[in-house]
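Below: one structure, written as structure tokens.
The values are calculated or read from the model by the stated rules, or taken from the named source; none is laboratory data. Values in this document were obtained by computation on a predicted structure and should not be read as measured data. Neighbour counts run over all protein chains shown; Cβ positions are idealised from the backbone, glycine included. These accessible areas exclude ligands, DNA and RNA; they are computed on the full protein's heavy atoms, side chains included. Shrake-Rupley method; radii C 1.70, N 1.55, O 1.52, S 1.80 Å.
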Amino acid sequence: MQTLTDRIHETTEKLRADPAAGVTTPSVTATLLNGHARLSSGPFNWESDLGPGIGGENLAPSPTAYLLGALAGCGVVFLRDTLAPQFGLTIDDIQATARCRSDVGGLLGIEGTNPALEQIELSIVVSSPDPADRLDAMFAAWRERCPIYLSLLNPNPVAVDFAVGVPTA
């Protein structure tokens with residue numbers, strides 16, 4: 001049976017030979033369902049909502065929670081599933097907590113408030129028997145390669161297109 005390290009090595013070699021094979025175009029579609037957002041990507045579906053004070057029903061995580069979850073999730077799975085095998089490290093456990101400051105007044109358009117998320121922080125605690133210097137090299141690679149972290153650190157322009165009409169399925 002092929003190990004995780006073998007699979008990563010095989011993929012690495014394949015992408016070295018054909019870098020274009022690694023380019024993906026993930027997408028998520030949100031539709032209105034029962035008063036909140038139904039999000040879909042490939043075979044996965046999940047929901048998003050806002051708190052009651054800003055018009056939602058608090059029936060699902062907020063978009064902000066998903067953004068922070070993406071950052072914390074990358075702190076756990078990218079380290080454990082990709083980088084630890086690449087660096088030959090053992091990870092017994094990981095916990096990542098992402099947090100930020102958010103001013104709901106900004107969402108409501110209250111003068112003097114800011115709707116942007118601020119003071120984004122990520123704390124990652126790794127339990128490993130391996131030496132700190134080897135773990136530090138893996139942490140440096142995470143900072144150089146985590147796509148969620150890099151997107152927040154160096155924002156890309158986002159093309160937004162509004163249209164009036166009937167949404168397509």
Quiz item: When you scan the stretch 51-66, how many residues do you find that are over 19 Å from the mean Cα position of the chain (by Cα) and either within 22 Å of Thr97 (Cα to Cα) or in contact (Cβ under 8 Å) with a residue 12 or more places away in the chain (or both)?
Solution: 7
Quiz item: From Leu150, Leu59, Leu83, Leu67, which residue is in contact with a helix residue (DSSP H, G or I) (Cβ under 7 Å, 6 or more places away or on another chain) and of a type outside the set (Lys, Arg)?
Solution: Leu83
Practice problem: Run Arg16 past the list (1) open to solvent by less than 80 Å² (accessible area, probe 1.4 Å); (2) more than 23 Å from the chain's Cα centre (by Cα); (3) not acidic (Asp, Glu) and report the number of the one that doesn't hold. | Solution: (1)
Quiz item: Restricting the first residue to the stretch 139-157 and requiring it to be over 21 Å from Leu89 (Cβ atoms), which pairs with a second residue that is of a type in the set (Asp, Glu) meet a Cβ separation below 9 Å and a spacing of at least six or different chains?
Solution: Leu150/Glu144
Quiz item: How many residues are farther than 24 Å from Leu152 by Cα and either modelled with pLDDT of 95 or more or not acidic (Asp, Glu) (or both) when one looks only at the stretch 52-77?
Solution: 7
Quiz item: Counting residues that are open to solvent by less than 50 Å² (accessible area, probe 1.4 Å) and touching a Phe, Trp or Tyr at 6+ places or on another chain (Cβ under 9 Å), which helices (runs of 4 or more DSSP H) fully inside the stretch 72-169 reach at least 3?
Solution: 132-145
Exercise. Could you check Ala163 against (1) out of contact with any Leu (no Cβ under 6 Å at 6 or more places or on another chain); (2) among the hydrophobic types (A, V, I, L, M, F, W, C); (3) within 24 Å of Leu68 (Cβ to Cβ) and say which number it fails?
Key: (3)
Quiz item: Can you find a residue in the stretch 103-117 that is in contact with a Ser or Thr (Cβ under 6 Å, 6 or more places away or on another chain) and under 29 Å from Trp142 (Cβ atoms)?
Solution: yes
Self-check item: Residues (part of a strand (DSSP E or B) and aliphatic (A, V, I, L, M)) located in the stretch 7-56
Solution: Ala30, Leu32, Leu33, Ala37, Leu39
Exercise. Sort out which residues of the stretch 52-71 are open to solvent by less than 70 Å² (accessible area, probe 1.4 Å), in contact with a Ser or Thr (Cβ under 7 Å, 6 or more places away or on another chain) and of a type outside the set (Val, Ile, Thr), and write them in order of number.
Key: Ala60, Pro61, Ser62
